[in-house]
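*Asks:* Sharing a structure below in structure tokens format, with a few things to ask.
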4 protein chains.
Amino acid sequence: MKDYILKIDCTDEKGLIYRISDIIFKYGLNIDNNSEFVDHEHDRFFFRAVIKTDKDIDESGFCGNLSAVLPKANIIFKEKAKKNVIILATKETHCLGDLLIKFYSGELNANIKAVISNHDSLRDLVEKFNLPYHFISSDDISREEHEKLVLAKMSEYSFDYAILAKYMRILSPNFVNAYEGKIINIHHSFLPAFIGANPYKQAYERGVKIIGATAHFVNNDLDEGPIIAQDITMVNHEMNWQQMREAGRYVEKNVLGKAIDLVLDDRIFIYKNKTVIF
Amino acid sequence: MKDYILKIDCTDEKGLIYRISDIIFKYGLNIDNNSEFVDHEHDRFFFRAVIKTDKDIDESGFCGNLSAVLPKANIIFKEKAKKNVIILATKETHCLGDLLIKFYSGELNANIKAVISNHDSLRDLVEKFNLPYHFISSDDISREEHEKLVLAKMSEYSFDYAILAKYMRILSPNFVNAYEGKIINIHHSFLPAFIGANPYKQAYERGVKIIGATAHFVNNDLDEGPIIAQDITMVNHEMNWQQMREAGRYVEKNVLGKAIDLVLDDRIFIYKNKTVIF
Amino acid sequence: MKDYILKIDCTDEKGLIYRISDIIFKYGLNIDNNSEFVDHEHDRFFFRAVIKTDKDIDESGFCGNLSAVLPKANIIFKEKAKKNVIILATKETHCLGDLLIKFYSGELNANIKAVISNHDSLRDLVEKFNLPYHFISSDDISREEHEKLVLAKMSEYSFDYAILAKYMRILSPNFVNAYEGKIINIHHSFLPAFIGANPYKQAYERGVKIIGATAHFVNNDLDEGPIIAQDITMVNHEMNWQQMREAGRYVEKNVLGKAIDLVLDDRIFIYKNKTVIF
Amino acid sequence: MKDYILKIDCTDEKGLIYRISDIIFKYGLNIDNNSEFVDHEHDRFFFRAVIKTDKDIDESGFCGNLSAVLPKANIIFKEKAKKNVIILATKETHCLGDLLIKFYSGELNANIKAVISNHDSLRDLVEKFNLPYHFISSDDISREEHEKLVLAKMSEYSFDYAILAKYMRILSPNFVNAYEGKIINIHHSFLPAFIGANPYKQAYERGVKIIGATAHFVNNDLDEGPIIAQDITMVNHEMNWQQMREAGRYVEKNVLGKAIDLVLDDRIFIYKNKTVIF
């Protein structure tokens, strides 16, 4: 048995489900589960189905048939498969290490192709798992030059998503545009609180009682991209900002992990800087 | 514009969505949103759609058309409307009071028809809201006789659901059978932990670090019915069991409130002692 | 048996606990529980003890003895007692109603002296509970004039804390200064996210996956006062901002309720725009 | 500057804090922070202080002075230091891997001395981190014989705590008694719900809406030891038990991680099968 994922989004109108299910039925397929949502603010229809079958389906033929009845829709139909990812990190081990362990044990629904860092300190950890590690120093070069080197290295790999596992560099529009909707970041605050540098210090200074983390797709505005997942943990007056950061690491690695699970499972639509997640 | 709710469950087979959406399309209707789930353990298909329309739809005609293509399905199709509920309580005010306030302000999607209690102490509170209060003492009579009196009083009202807002009496099978799938209880623990009497004392004695509450439909086995909603709160060694009970009240009223929101919104299927909630 | 609460804060130095416990010991008293915290950033010592005794203690004599050995400390020592509160509200019932129900059933450790509102719509609810309701319209008068009227009405009552139970008016510095550290507000976001108007709409537009609420003491900067309690709830793409607001009501009333419990229990120190909570 | 940890528990009586702080004062030391709790059910006093100093303190002399004034108390006073731990695991990588990553990056306040397993499958992972791995098969031998071999291997190491990071063997009283209060287990349910085998399957079958995990000290009754930490995550009807197990892994590794942080920080008292945690 194989799982195929069907994702459709288009302007909402009457009879969409009927047209879609008509074609699925004509192919003799069974919907294992489906979700549908209409964003009434923007009159947008979102549909995702998992189709289990023992047949081989001609993916582009199937898409063609759907396109014929949904001429303006975005349609994705493909067999569920392991994705390829590349990881960018700086110095911290908790998010990267968590992904490495999951990858090692087969619990990550992806192959990690390589890890790129602006420091060399994670090399030893990454190489334990027999993965390529590329240290691209940002010393003595401009942000632009550094990004060019990183992009060049990335382009050597074929990957579906780039995961920023605490990559502490701000990305330029140029970088982001090269991989639109393909870069996932973990920000160490419950956005939009504490945008920018050292959110734990900001949180400590504001005296908040909860801190959190946010996984989001990266777009041109720092920390402003479509949010995938968020979670929080309680803090109190006894904790200085370093202790908040320690407590936050639990949240960061979990939120990033769960967001990546959703991404790798093809559960997410990006629309108007928000996510629809089935 | 009106909202109609369509709920279908039946044995899973190919083409169900197609048959359903075909009829919806032939009626010229638009699905506002739908959810579908297949329970593969039991090969059971669950479907719920909200249909927004400015037309008046003949509900039984529509059901008939669906039944023709889904002969063995359970089908519910009706216009979304305020439900009627009856509340049973004992002495505590937090769950009852929360429902009264929501009812008063129009935030409860139901009319409260009456409150029945085995004590008289809630009368003053209930009558502030101009609702009938029926005190049915259990003193000097058997459980059986008491239930007969309560059932007789309930039968004077037409209602969709009976809410046990901390009604501290164990219901007999006879009582439960009279309103199968229509009685919602709040149990003051995260079931199945701490079944039975005084769960906060049990929790205190066990030294747990979380306590919770569970809203569930009532069936014949005490605290064993289909679970609708659960939530928890953190506790610690400083709290005696009375303080845990106080902390638990916040959880109890919230969980009951959220469960009732789901029930009144026709979002729940009961199947094999579990709930499917869309 | 009576409970006395002792609260001390002062510049940190060696031997503070020794000096404090020495006096407690000389009075023949027993500390039921105590908490102590040193804020190393500001070298500030915070101490709170609950003392259970069957004796009557001369409160000012006891404070005098402590002051003799802690000359620069803030010292509060008094028998635990019900506080008096006044509530300001606008139109919403969920926070106000929750407080009324708790007050009615004796679960609020305070007497509600009166409710003041800039609308008349909550009168009926408040008067059900036999409490004075003062409608002070803001129509056709300046903010300044309105506040003067509200402050005049407040001054007719003797109260320990003013609770803003969704009072949707911005308070001027003049108002805030009149009751410094005595006004508790519930803000409908997890501050500092979504400061200002309609945070649920802001949250919806940002596409967040968690919303929250924050109870805080009010100071001169809107939504910038010392935070007492925060909590959150999960939201998703299916919810429009009105549904987020509905979900948020559960959080708002709980967070406000818990913050008030802490305040009424004399568990909070305010220092440098933060709270130390024991 | 060094941190010393002082932990005292004894029968409650008047003047304990005075006597303790008197000695601390006489040594010219400053309490950095302290916590105190009296369990009134059992008249038991618990006290923990962190003392920061640049002096070297004679630990046994200090304890002796305290014992002179608190003759029946349990007193621990020692410089804060990295602990030594040994890990027992079976096949799963998520808890073990999390500990290895933290150990590798210095975020675990302990040295991992060795990993012992009843399977050989974790060897490769453990050896990546240059740690001894001992595979002690349970094939073809009795439980008694297997435990004897494990205990023999453990006795080769000097360690403070043994961490059961998903060690799927039931321990005999003999084993537990050898390391009373020194063995920490992670159980994959929010105890006392779902004691015993495959709690995720039990949770799925019961149709719960929350699952959780519990870290506890091990005693002779399976899953009945003193609880250190618990946490939960939401589940729903869409998840089969394998998916619940996946979701549960996030909770398991977090709860175990947080419990170990507390243990390694000397924050826990065990008393009457419960924990007091400062």
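The values are calculated or read from the model by the stated rules, or taken from the named source; none is laboratory data. Nothing here was measured: the structure is a model prediction, and the numbers come from that model. Counting neighbours? That spans all protein chains shown, and the Cβs are built from the backbone with ideal geometry, glycine included. Please note that ligands, DNA and RNA were not included when accessible areas were found on the heavy atoms of the full protein model with its side chains. Shrake-Rupley method; radii C 1.70, N 1.55, O 1.52, S 1.80 Å.
*Asks:* Treating only the Cβ atoms of Lys and Arg (+1) and Asp and Glu (-1) as charged, compute the dipole magnitude of the stretch B:2-79 about its Cα centre; round to the nearest 20 debye.
*Replies:* Values: 11 positive and 15 negative charges, 33 e Å.
That gives a dipole near 160 debye.
*Asks:* For chain A, what does -39500 (n - 2.57) per DSSP helix run (n ≥ 4), summed and divided by total residues, give at 222 nm, in deg cm²/dmol to the nearest 500?
*Replies:* Working: 8 runs with 91 residues, N = 278.
After summing the helix terms and dividing by residue count, I get -10000 deg cm²/dmol.
*Asks:* Continuing with this model, one more query. Over all residues in B:89-95, what is the mean tally of Cβ atoms on other chains that come within 10 Å of each residue's Cβ?
*Replies:* Across the residues of B:89-95, the mean count of other-chain Cβ atoms within 10 Å is 2.
*Asks:* Taking all protein chains together and a probe of 1.4 Å, list A:ARG249, B:ARG48 from the most accessible to the least accessible. Display every interim value, and only then the final one.
*Replies:* Numbers: A:ARG249 40, B:ARG48 10 Å².
Of A:ARG249, B:ARG48, the descending order of accessible area is A:ARG249, B:ARG48.
*Asks:* Now for a different question. Which order do A:MET154, A:MET239 take by accessible area at a 1.4 Å probe, largest first? Intermediate results must be reported in sequence, preceding the final value.
*Replies:* Working: A:MET154 0, A:MET239 35 Å².
Descending order: A:MET239, A:MET154.
*Asks:* Using a Cα-Cα cut-off of under 13 Å, which aspartates and glutamates could be cross-linked to C:LYS209, ignoring same-chain neighbours fewer than 8 residues away?
*Replies:* By straight Cα distance, C:LYS209 reaches A:ASP231, C:GLU238.
*Asks:* Right, something else. By Cβ position, which chain A residue lies least far from the axis that rotates chain A onto chain D, and what is the distance to the nearest whole angstrom?
*Replies:* Result for the A and D rotation: A:LYS128, 2.
*Asks:* How big is the Kirkwood radius of chain B, worked out from every pair of different alpha carbons and given in Å to one decimal?
*Replies:* With all distinct Cα pairs of chain B included, I get 20.5 Å.
*Asks:* What residue among A:PHE77, A:THR93, A:SER117 has its Cα farthest toward the positive end of the dipole of the stretch A:63-127, where the charges are +1 on Lys, Arg and -1 on Asp, Glu, each on the Cβ?
*Replies:* Working it through, the farthest residue towards the positive pole turns out to be A:PHE77.
*Asks:* Right, something else. What average number of partner chain Cβ atoms lie no more than 10 Å from the Cβ of the residues making up D:211-217?
*Replies:* Values: counts 1, 5, 0, 3, 1, 2, 0.
Neighbouring Cβ atoms belonging to other protein chains average 2 per residue here.
*Asks:* Just want to confirm a number: the relative contact order over chain B, from Cα pairs under 8 angstrom separated by 6+ residues, in percent.
*Replies:* Details: 498 pairs, mean separation 40.9, N = 278.
Worked out over chain B, it gives 15 percent.
*Asks:* Which of the listed residues, C:LEU66, C:ILE8, C:PHE46, is farthest toward the dipole's positive end in the stretch C:2-79, when Lys, Arg count +1 and Asp, Glu count -1 at the beta-carbon?
*Replies:* C:LEU66
*Asks:* Still on this structure: Can you tally the net charge around B:LYS274? Count Lys and Arg as +1, Asp and Glu as -1, for every other residue whose Cβ sits under 9 Å from the Cβ of B:LYS274. Could the numbers behind the result be given before it?
*Replies:* Numbers: positive: B:LYS272, D:ARG206; negative: B:ASP39, D:GLU205.
Neighbourhood net charge equals 0.
*Asks:* Next question, about the same structure. Dipole size in debye (nearest 20) for the protein assembly as shown around its Cα centre, Lys and Arg Cβ +1, Asp and Glu Cβ -1?
*Replies:* Working: 140 positive and 160 negative charges, 0 e Å.
With Lys and Arg at +1 and Asp and Glu at -1, about 0 debye.
*Asks:* In the protein assembly as shown, what percentage of the DSSP-assigned beta bridges are antiparallel, given to the nearest 5? Kindly include the intermediate steps, with their values, before the conclusion.
*Replies:* On the way: 162 of 230 bridges.
Bridges in the protein assembly as shown that DSSP calls antiparallel: roughly 70 percent.
*Asks:* Using a probe of 1.4 angstrom, how much of the accessible area of the protein assembly as shown is carbon and sulfur, in percent?
*Replies:* Working: 20340 of 43460 Å².
Within the protein assembly as shown, the accessible surface is 47 percent carbon and sulfur.
*Asks:* Mind pulling the angle between the C-alpha long axis of helix D:94-104 and the longest principal axis of chain D? Nearest 10 degrees, somewhere in 0 to 90.
*Replies:* 50 degrees
*Asks:* Could you sort B:TYR133, A:TYR157 by their accessible area in this structure, using a 1.4 Å probe and putting the largest first? Let's see the in-between values first.
*Replies:* Values: B:TYR133 15, A:TYR157 55 Å².
In descending accessible area the options line up as A:TYR157, B:TYR133.
*Asks:* Shortest first and in nm to one decimal, what separations exist between D:ILE57 and its copies in the other chains, measuring from label points 7 Å along the Cα-to-beta-carbon line?
*Replies:* D:ILE57 label point versus its equivalents elsewhere: 2.7, 7.0, 7.5 nm.
*Asks:* Give the relative contact order (percent, whole number) for the stretch B:2-79; include only Cα pairs under 8 Å separated by 6+ residues.
*Replies:* Details: 124 pairs, mean separation 37.7, N = 78.
Value for the stretch B:2-79: 48 percent.
*Asks:* Taking only Cα atoms, what is the 0 to 90° angle, nearest 10, from helix D:143-155's long axis to the longest principal axis of chain D?
*Replies:* So the helix axis and the longest Cα principal axis differ by about 50 degrees.
*Asks:* Leaving out ligands and nucleic acids, and using a 1.4 Å probe, what accessible area per residue does the stretch C:143-278 come to in Å²? Before the final figure, lay out the partial values.
*Replies:* Numbers: 5080 Å² over 136 residues.
Averaged over the residues of the stretch C:143-278, the accessible area is 37 Å².
*Asks:* In degrees from 0 to 90, rounded to the nearest 10, what is the angle of the helix B:16-26 Cα long axis to the longest principal axis of chain B?
*Replies:* 70 degrees
*Asks:* Taking the Cα centre of chain D as origin, work out the dipole magnitude from +1 charges on Lys and Arg Cβ and -1 charges on Asp and Glu Cβ, in debye rounded to 20.
*Replies:* Values: 35 positive and 40 negative charges, 56 e Å.
Dipole magnitude for chain D comes out near 260 debye.
*Asks:* Oh, and also: Please report the buried accessible area for the interface of D with A, total over both chains, probe 1.4 Å, in Å² to the nearest 100.
*Replies:* On the way: alone 14210 and 14200 Å², together 26250 Å².
The buried area between D and A, both sides summed, comes to about 2200 Å².
*Asks:* May I ask you to list the lysines whose Cα is less than 20 Å away from that of A:LYS91, ignoring any residue fewer than eight positions away on the same chain?
*Replies:* Answer for A:LYS91, where 20 Å is the Cα cut-off: A:LYS102, A:LYS113, A:LYS128, A:LYS153, A:LYS166, A:LYS201, A:LYS253, D:LYS102, D:LYS128, listed by chain and number.
*Asks:* Tell me, which residues of the stretch C:251-265 get at least 30 Å² less accessible area when the other protein chains come in, versus the chain alone (1.4 Å probe)?
*Replies:* Buried by 30 Å² or more upon assembly, which counts only protein chains, are C:LYS253, C:ASN254, C:LYS258.
*Asks:* So how compact is the protein assembly as shown: Cα radius of gyration and Dmax in angstrom?
*Replies:* For the protein assembly as shown, the Cα radius of gyration and maximum Cα-Cα distance read 30.9, 91 Å.
*Asks:* Sticking with this one: Just tell me how shielded B:26-35 is by partners: mean number of partner chain Cβ atoms within 10 Å of each residue's Cβ, no decimals. Don't jump to the answer; show the numbers that get you there.
*Replies:* Values: counts 2, 0, 2, 2, 7, 9, 5, 9, 7, 8.
Mean shielding by partner chains, rounded to a whole number: 5.
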